Amino acid sequence: MGSIRFENVGKVYGNAKTGFKALDGVSLDISEKEFVAIVGPSGCGKTTCLRMVAGFESVSSGKVLVNDKTVTTPGADRAVVFQQFALFPWKTVRQNIEFGLRNKGIGRAERNRLVADALKLMTLESHGDAYPHQLSGGMQQRVAIARAYVLDPSVLLMDEPFGALDAQTRVVMQEELVRLARVNPRTVLFITHGVEEAVYLADRVAIMTRRPGTIKEVIDIKSIRTQEKWDSYEKIEDVMDLESFVHLRTRIWKSLREEKIAAVT
Amino acid sequence: MRNRKTIIGLGAILGVVVLWFALSRWFGIIPASRFPTPADFWDALKQIELRGYAGSRLHDHAWHSLRLIVISFIVAVGTGVPLGLLMGWNRKAEALINPVFTLIRPIPPLAWIPLAILWLGLGDAAKVMVIWFAAFVPSVINAHAGVRNIDKSVIEAARMLGTPPFRLVTEVILPGALPMIFTGLRLSLQASWTTLVAAELVGALVGIGFVLNVAQQDIYPAMILVGMLTAGVLGWFTTFILGLVEKSVLSWSVRGRA
Amino acid sequence: MQQRLSWAETVTYGFIGLAVFLGVWYALPTIGLVPQQFLPSPVTVLNRMVVLMTQPFAGATLPAHIGYSFIRFFTGFLLAALIGIPLGLIMGWFRVVDEIVAPIFDGLRFIAPIAWVPFAALWFGTGVGGPVMIIFAGAFPPCVINAYRGAKQVDPQLIEAAEMLGTGHLRMMTEILLPASVPSIVAGLRVAAGLGWQSLVGAELIVASTGVGFMMVQAQGNVATSTVMCGMVAIGIVGLIIDMLLRRGEEAIRRRRGLAE
């Protein structure tokens, strides 16, 4: 459960002649429980790719398949974590998290149990009755992640989820996400600007070209991570010091840099 | 996209008209004594325009009301806008006038009607007075806000360039406050119409409101509808003209329309 | 723009302005420049108000008239809110409904609420339905418009999040659009209350047999100018109180949402 496939996906805004080509022949296969990050220069269309899987945007050509079925509408099986959190400001943390469960028709006792588990999972136990504006950015994003996780989605879509957080909070959240992903794995499609973030979190990193975007290359991280035992290190900074990490990061950077230069010239 | 909207819009209005026919004429669900049938409406319209009703023909009534609106509107904004500009510009003037203004403000314009009748009788003067009270307030408030919203550095630049007072007002302050002034004008116009119709309903001898009054006493629903729709059309028309004026005057404004 | 005045200056100038106004008002009838019947002095009006608190005029005391007026206002206002707000939200969510209703709504908007009075008289006589209908006509548009705008201006990401969470139409409107639009809706309610209260006055001038407006018309017929002015003052005060209460409500909501400045 939870495979994603992009089959030669193209996206054009406006009509075919005067339109704006955002994506051009994107093909990518993501297997179950795989954590894949997409990096690319600004405007390359990586967010558009995520939004297509989510069902917020339609394809102009090609196919986007989840579990071998074409995506049509948004739904809780493909939970989304937004960059700006998108929490409902008039609902408490608890009410935000249980909202999707209510839509599924899950009974109150069961909901309370699931929400309690989610609060514990994201270390939010004491904030259940707070309102979003009373929480810091990091905590709000935790609520958003909890809201997504509680639905037990087969696919988790994260659109630059830590982009709106300050640097220190971002690091903490990255460590947490790694912990979550190991403890409670599921398919994750993660969009980001940050190469280091991608290398740290993902099993594979896909590099997109500049607009109109397509997949330039896909770099396998997992094999190196397992080999070099990154998971044995607790802190991010220790992992980021490793030669294997630096090597991967630089390789991706260079690839991206080509795209950025090409974009400017 | 735009065409679809227009088509659906026209369709909706057409639908209402058809519904009107259906409910009144074809199925007789709405009794004619309560609400006129389209045929009744048409007859009443013909009557008032061709033969006259309540003392004059439709266009005379409409013209009389329109004339009053234009006169009162101009008087109201002619006094309101300068006062608002003054209060916005000069803090002392504002402090002086504010308390009195705050006292008068909560009194709904229509509440001035009995007093106006006592003071000026049933003629046009009373109507102008009441409309003045109605249209005056939004103009003052918005002119005031318009002045306050002018970018300070623009005023400072004008000062630095040695602008004499009169020119400062006519070429800097007034244009700068103009977008908000127009917002006030629109509100004033709306208030004027409401007040005029009400004033004419209560005490008049000619005008749209008077037509409504007589039709009500005669228990003539079709004529009531004619009066209402005429008031609506005139209201729309004057708003439209104001919009045209606004567009041409404010062509420099980025927003175009406040 | 000039410098701000100090608090003391503001009060002083305000006091002067008020004093001049009241002074002239008092002087004109008292000295005899203007007949008392025409312009009663503020003192006369005040005395008359006190009298009207207990002595009936045109069928009831002033507080009783105010009570009748307020009940009508409240009924019309409540109806306008209960029908208008859901309608605005539905129009904001379902484009088809918007496209169908909007032209009709825009067309009717130009007919001043007061123009409905003759029909109100025809259908309800001097019963309570008449004024309520006029108040409804006045208060309805702002309720609809502000609910509509509120719904249209909801952060699209919130709507996407709700869609992602599998939210059905009804729940989308009641648990997402409605709460998100509350600031806009409350602002609309304030405008609606103002318009409704004004329409009430107009309606009562013509189609009522009780209420402050009715009292004023009767007073005008009897050339009881001070009573007319009492009515005006009473209407102004009640209108202010209503607006103040709504403004408090609006601020409380903004604070709760973390929107306060």
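Computed from the coordinates by the stated procedures, all read-outs in this text should not be read as laboratory data. Please read these numbers as outputs of a predicted model, since none were measured by experiment. Backbone-built Cβ (ideal geometry, glycine too); neighbour counts: all protein chains shown.
Pick out which of C:LEU18, C:LEU62, C:LEU108 has the largest mean-square fluctuation in a Gaussian network model of chain C, springs linking Cα atoms closer than 10 Å.
Maximum among the listed residues: C:LEU18.
From the P(r) of the stretch B:48-194, could you give the percentage of C-alpha pairs in the tail past 23 Å?
46
For A:GLY10, list long-range residues whose amide hydrogen, built 1.01 Å from N in the peptide plane, is under 5 Å from its own amide hydrogen.
Result for A:GLY10 returns A:GLY25, A:VAL26, A:SER60, A:SER61, A:GLY62.
Hey, could you grab the Kirkwood Rh for the stretch C:143-233? Inverse mean 1/r over distinct alpha carbon pairs, Å, one decimal.
Values: mean 1/r = 0.0620 Å⁻¹.
This gives a value of 16.1 Å.
Name the long-range amide H neighbours of B:SER56: under 5 Å, sequence gap of 5 or more, or other chain; modelled H, no Pro or chain starts.
Amide H neighbours of B:SER56, under 5 Å, 5+ apart: none.
Round to a whole angstrom and tell me the spacing of the C-alpha centers of the stretch B:211-233 and the stretch B:114-154.
Measuring centre to centre over Cα atoms gives 28 Å.
Taking A:LYS91 as the anchor, which aspartates and glutamates have their alpha carbon closer than 20 Å to its alpha carbon, excluding any fewer than eight residues away along the same chain?
A:GLU110, A:ASP117, A:GLU125, A:ASP129, C:ASP155, C:GLU160, C:GLU163, C:GLU175, C:GLU250, C:GLU251
Could you tell me the largest-minus-smallest coordinate of the C-alpha atoms of the stretch B:141-244 on each of the three principal axes, in descending order and whole angstroms?
68, 24, 17
Over all directions, average the projected area of the Cα convex hull of chain B and note it in nm².
If I average the Cα hull's projected area over directions, I get 18.0 nm².
Order A:152-162, A:170-180 from most to least packed using the mean count of other Cβ atoms within 10 Å.
Values: A:152-162: 22.5, A:170-180: 17.4.
In descending order of packing, they fall as A:152-162, A:170-180.
Determine the dipole magnitude for the protein assembly as shown: charges of +1 sit on the beta-carbon of Lys and Arg, -1 on that of Asp and Glu, nothing else is charged, the reference point is the Cα centre, and the result goes in debye to the nearest 20.
600
Would you report the distance distribution of C-alpha pairs in chain C as whole percents per 10 angstrom bin, up to the bin with the largest distance?
7, 22, 25, 22, 16, 7, 2, 0
Can you work out the Karplus-derived ³J(HN,Hα) for every residue in the stretch C:169-181? Use 6.51 cos²θ - 1.76 cosθ + 1.60 with θ = phi - 60°, whole Hz, and x for glycine or proline.
Here the 3J(HN,Hα) series is 4, 4, 5, 4, 6, 7, 9, 10, 5, 4, x, 5, 8 Hz.
Please check: in the Gaussian network model of chain A (C-alpha springs, under 10 Å), which one of A:THR47, A:THR18, A:THR73 has the largest mean-square fluctuation.
Top of the fluctuation ranking is A:THR18.
Can you give the % of DSSP beta bridges in chain A that are antiparallel, to the nearest 5?
Antiparallel bridges: around 50 percent, rounded to the nearest 5.
Amide H to amide H under 5 Å from A:GLY213: which residues, 5+ apart in sequence or cross-chain, H placed 1.01 Å off N in plane?
Answer set, sorted by chain and number: A:LEU23, A:ASP24.
From the cross-link list B:LYS5/C:LYS152; A:LYS11/A:LYS260; A:LYS17/B:LYS247; A:LYS33/A:LYS254, which pairs have alpha carbons spaced over 26 Å apart?
Details: B:LYS5/C:LYS152 17 Å; A:LYS11/A:LYS260 21 Å; A:LYS17/B:LYS247 35 Å; A:LYS33/A:LYS254 28 Å.
With Cα atoms farther than 26 Å apart: A:LYS17/B:LYS247; A:LYS33/A:LYS254.
Mean shadow of the stretch A:99-141, computed from the convex hull of its alpha carbons, in nm²? Walk me through the intermediate numbers first.
Values: hull surface 13.1 nm².
Convex hull of Cα atoms, orientation-averaged projection: 3.3 nm².
I'd like the Karplus ³J(HN,Hα) series for the stretch B:237-250: coefficients 6.51, -1.76, 1.60, θ = phi - 60°, whole numbers in Hz, and an x wherever there's a Gly or Pro.
4, 5, 4, 4, 4, 4, x, 5, 4, 4, 4, 6, 6, 9
May I ask which residue of B:THR195, B:LEU45, B:THR183 lies farthest towards the positive end of the charge dipole of chain B, with charges of +1 (Lys, Arg) and -1 (Asp, Glu) on Cβ and the Cα centre as origin?
The residue sitting farthest along the positive end of the dipole is B:THR183.
If one takes the longest principal axis of the Cα atoms in chain B, at what angle in degrees, from 0 to 90 and to the nearest 10, does the Cα axis of helix B:208-217 lie?
40
Regarding chain A, what are the three Cα extents along the principal axes, ordered largest first, in Å?
55, 47, 33
What ³J(HN,Hα) values, in whole Hz, does the Karplus curve 6.51 cos²θ - 1.76 cosθ + 1.60 give for the stretch A:179-191 when θ = phi - 60°, with x put for Gly and Pro?
The phi angles translate into 4, 4, 5, 6, 6, 9, x, 7, 5, 10, 10, 10, 9 Hz.
Compute the Rg/Rh shape ratio of the stretch A:146-265: radius of gyration over Kirkwood radius, all on alpha-carbon atoms.
On the way: Rg = 14.9 Å, Rh = 15.4 Å.
That ratio is 0.97, to two decimals.
Any chance you could tell me what percent of the C-alpha pair distances in the stretch C:57-159 go past 24 Å? Kindly include the intermediate steps, with their values, before the conclusion.
Details: 1897 of 5253 pairs.
Result for the distance tail: 36 percent.
Build a GNM of chain B with springs between Cα atoms under 10 Å: which of B:LEU103, B:LEU83, B:LEU45 gets the top mean-square fluctuation?
B:LEU103
Computed on alpha carbon atoms, what radius of gyration and Dmax characterise the stretch C:18-72, expressed in Å?
Looking at the stretch C:18-72, its Cα Rg and Dmax stand at 14.4, 41 Å.
Quick one: P(r) of the protein assembly as shown from all Cα-Cα pairs, 10 Å bins, percents rounded to integers, in order of increasing distance.
2, 11, 17, 18, 16, 14, 11, 7, 3, 1, 0
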